[in-house]
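In what follows, a single structure is set out as structure tokens and then discussed.
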Amino acid sequence: MVSIRAVLVAGFVLLVAGLAVTLTRSAPRSAGSNHVAQTEAVAQFTGDGRRCQDGELIPKDANALRLLIGTYGKSTPEVRLTARDPNGKFVTTGRLAAGEHEGSLDIPIRPVAEARPGATVCVAVAGPGRTVLYGAGGAVHLEWLRAGSESWLELLPTVSHRFGLAKWNPLGSLLLPLLALVLVATWFAAARLVLRETRS
């Protein structure tokens, strides 16, 4: 018969292995978005068209813009992006060549070194056929990506910093590591309690 201790150890090993796989998996990571859902067609063009949105925040380290683009099964048109600050100065530009499959597409842009609030972001399409941009409430969903691929392990300092923001928090970026230690301590305490109860 398998002992309770063996079950707990096996469960802990599986948990650690799962966390290791998740934290070390590398993929393109988001720098931020405008928090708009992608539930409806917001902008629709037949042939060339252009859509601009004011008051957008372009986050620090943005290196690409991800858009959900529909073309009714056809190849996508050329897509160009321009962004200006509230004074009309260029913040960044980007271009995606025609011929992609519809879906979530990443438009490479000139890297943005510092966060730029209040920007006007314009997306222009050039080509035949129908093109749809998706979002909700009259706004297109904009998701900004960081350069290259990163694992969650590499992003831990950034995640920890952001987790500590917008809260009453005297610990700053140490809040997330402290909560992680509390969670681990709670797991060990629960395991010890289970072992003690099974012996009695």
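The values are calculated or read from the model by the stated rules, or taken from the named source; none is laboratory data. A quick note: this is a predicted structure, and the numbers were derived from the prediction, not measured. As a convention, Cβ positions derive from the backbone with ideal geometry for all residues, glycine included, and neighbour counts pool all protein chains shown.
Being within 11 Å of ALA62 (Cβ to Cβ), assigned by TED's automatic domain parsing to the domain that holds PHE45 and under 18 Å from the mean Cα position of the chain (by Cα) is a condition met by no residue of the stretch 118-134. The set of residues from the stretch 28-52 being over 20 Å from the mean Cα position of the chain (by Cα) and surrounded by 16 or more Cβ atoms within 10 Å (Cβ to Cβ) comprises VAL42, ALA43, PHE45, GLY49, ARG51. Among strands (runs of 3 or more DSSP E) entirely within the stretch 75-125, having at least 1 residues that are at positive phi and out of contact with any Cys (no Cβ under 8 Å at 6 or more places or on another chain) singles out 103-108. Listed by first and then second residue, the pairs linking a residue in the stretch 52-64 that is not assigned by TED's automatic domain parsing to the domain that holds ALA124 to a residue that is surrounded by fewer than 18 Cβ atoms within 10 Å (Cβ to Cβ), with Cβ atoms under 7 Å apart and 6 or more places separating them unless they lie on different chains, form an empty list.
Scanning the stretch 126-174 for residues that are at pLDDT below 80, exposed (fewer than 14 other Cβ atoms within 10 Å of the Cβ) and part of a loop (DSSP other than H, G, I, E, B) gives GLY148, SER149, LEU165, ALA166, LYS167, TRP168, ASN169, PRO170, LEU171.
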